[in-house]
């Protein structure tokens, strides 16, 4: 009986989140992207905290940069931002709480570091 309730709750959560994602615009903020991705990922019984954090940081950083930039160096910026986010921001999420606000703020600071780095490397 208890397993049936858990299965029904998972199904309801998936349907609600799925409908929400379908109605959301493609240019969702990083925070929204990360939070939704993390929740969906953690619903899967085989996923770990580390794999969900890594997967969602990667997907949402590349999506954000593709939405914001249409330059040739956007991939380099994404990899810089991703490396910074893995090392600085990946510990904010817990199994039950994505902490989208904290991760978003941290990834934003990575963006500033990477843009400054690329600006200083640009030819005059």
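Values quoted throughout were computed directly from the atomic coordinates according to the rules given, and no laboratory measurement underlies them. The model shown is predicted, which means the values in this text are computed figures rather than measured ones. In this analysis, Cβ positions are derived from the backbone assuming ideal geometry, glycine residues included, and neighbour counts consider all displayed protein chains.
Going by C-beta contacts inside 10 Å, put 32, 101 in order with the fewest on the left.
In order of increasing Cβ crowding within 10 Å: 101, 32.
Taking neighbour Cβ counts within 10 Å as the exposure measure, how do 36, 102 sort from fewest upward?
Exposure proxy ranking, most exposed first: 102, 36.
For each of 90, 46, count neighbouring Cβ atoms within 10 Å of the residue's Cβ, then give the residues from fewest to most.
46, 90
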